[in-house]
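A.B. asks: Before we start, here is the structure in question, set down as structure tokens.
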Amino acid sequence: MVATDEARQVCRAAGSLLYPSLDFGTKPNGTYPSEDFARVLTRSAFEQEFTNTSARHLQLARGDALDLEDRSPLAKSLLYNLGTMEADAIDAQFDGVRDQLIAQTKRARQFPTTAEAALDLHEWLYYGSDQTPMVSRINPERGTNLAYVFVTLCIVSPATRFTLASDYVAQTDTPSLVGVIRDVIETARQAVSITRIYCDRGLYRVELVDALNDLDVEFVIRAPKTRGIKRVLSEHDEETFVTDYELVRKRLPPMRVPVTLVVVPHHSRDDDSLCLITNRERTVDEAVPLAQAYRRRWGIETSYRKIGEFLPRTTSPVFAVRLFYFLFAVALYNLWIVVCLLLSEQRRVKTRPAVSTATFRFFLGPVMYG
């Protein structure tokens, strides 16, 4: 049983790990203090509102005189301040928040020392011009082929789906993407020993496989049915098998990377196969358990959905605004995970959150936005 009073206290105490660290670039003689910006952003995140709506609500609630036909001056001030910030400065402050959350959870002996993690791309869809800085082309989705793209590395354990590291991708070409992924993994390793990384087929790239080998990290990547994979499938009558395989880049400079190909029947589609590549030797007896372990990667989809629940709405094309909003959403999500970990001894079912995100917002929200 998780007591209401204890959950409320932990949620509110956890907020002290986030809000004092936020820097909105305010000036000592500015019209609005950082606390106002934090309240607006928190309400925007919790209520899925645009900044202008949240700011106007706050100002009306405290009796400020407003022209309701104009945008809220508080919202304009917040967006102006965020827009003038450097990306590195935004990254640095949220790196500090993440480190504080990890340190606090480790002190309570609730943070894992080793973990399996999932690596993936988070695409924040964008409906503006394709000339907007930092916007990448993606496969068409919901009426656009543009998005701000972020790499995230998340623990896959249902009880500890903490986002260990995240970074933005300026361009989604393979060299740029591999460089960002290297940085994300090295950052995550400062907090936890990563025993295995799971990747979806969107990251099935010979350069990435080579980089993961160089980092000496075990990986399991879903392989798409390429011509080479189809050839191997046609050469085997068995439904389940393990064989040596080689990823090849034919364009200059050429590259060949040996891997182990693991094939098992698809768990939900008849007459189909799930193909995985890994950089560790495997036996046929290990094929099905490895595929079952890979399915834990789908926990990152739950993490993305939860992060989305904390993402303020915006149409701003300014990258600094988008970056701050995304990292703020990740910080709130991680704060919720930490609250659940700190309340872990109270849980009856250890694989379920101690409090829902709705309860977390209910306990933390009144403190932040009235």
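The values are calculated or read from the model by the stated rules, or taken from the named source; none is laboratory data. Please read these numbers as outputs of a predicted model, since none were measured by experiment. Neighbour counts are summed over all protein chains in view; Cβ atoms, including those assigned to glycine, are modelled from backbone coordinates with ideal geometry.
Residues checked against (1) in a loop (DSSP other than H, G, I, E, B); (2) surrounded by fewer than 16 Cβ atoms within 10 Å (Cβ to Cβ):
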{"site": "ARG282", "(1), (2)": "yes, no"}
{"site": "PRO289", "(1), (2)": "no, yes"}
{"site": "ILE300", "(1), (2)": "no, no"}
{"site": "LYS306", "(1), (2)": "no, no"}
{"site": "LEU311", "(1), (2)": "yes, no"}
{"site": "THR315", "(1), (2)": "yes, yes"}
{"site": "PHE328", "(1), (2)": "no, no"}
{"site": "CYS340", "(1), (2)": "no, no"}
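A.B. asks: Please work out if PHE37 is within 22 Å of the chain's Cα centre (by Cα), under 17 Å from TYR325 (Cβ atoms) and of a type in the set (Phe, Trp, Tyr).
C.D. replies: no
A.B. asks: Residues of the stretch 241-273 being in contact with a helix residue (DSSP H, G or I) (Cβ under 7 Å, 6 or more places away or on another chain), modelled with pLDDT under 95 and of a type outside the set (A, V, I, L, M), which ones?
C.D. replies: Selection gives ARG249, SER273.
A.B. asks: Check off (1) part of a loop (DSSP other than H, G, I, E, B); (2) modelled with pLDDT of 85 or more for LEU276 and give me the number that stays unchecked.
C.D. replies: (1) is the only condition that LEU276 fails.
A.B. asks: Considering only the stretch 71-108, state which residues are more than 20 Å from the chain's Cα centre (by Cα) and either among the aliphatic types (A, V, I, L, M) or buried (at least 16 other Cβ atoms within 10 Å of the Cβ) (or both).
C.D. replies: Correct list: SER72, PRO73, LEU74, ALA75, SER77, LEU78, LEU79, ASN81, LEU82, MET85, GLN104, ALA108.
A.B. asks: Follow-up question, since we're still on this one. Going by the structure shown, is PHE111 within 23 Å of ARG296 (Cα to Cα), within 19 Å of the chain's Cα centre (by Cα) and not in a strand (DSSP E or B)?
C.D. replies: Judged against the criteria, PHE111 is a match.
A.B. asks: Could you tell me which residue of the stretch 342-357 is modelled with the lowest pLDDT, considering only residues that are assigned to a helix (DSSP H, G or I) and more than 19 Å from the chain's Cα centre (by Cα)?
C.D. replies: Applying the filter and picking the extreme gives GLN346.
A.B. asks: Right, something else. Just give me the residues in the stretch 309-335 being more than 16 Å from VAL149 (Cα to Cα) and either among the aliphatic types (A, V, I, L, M) or out of contact with any Asp or Glu (no Cβ under 9 Å at 6 or more places or on another chain) (or both), in sequence order.
C.D. replies: GLU309, PHE310, ALA331, LEU332, ASN334, LEU335
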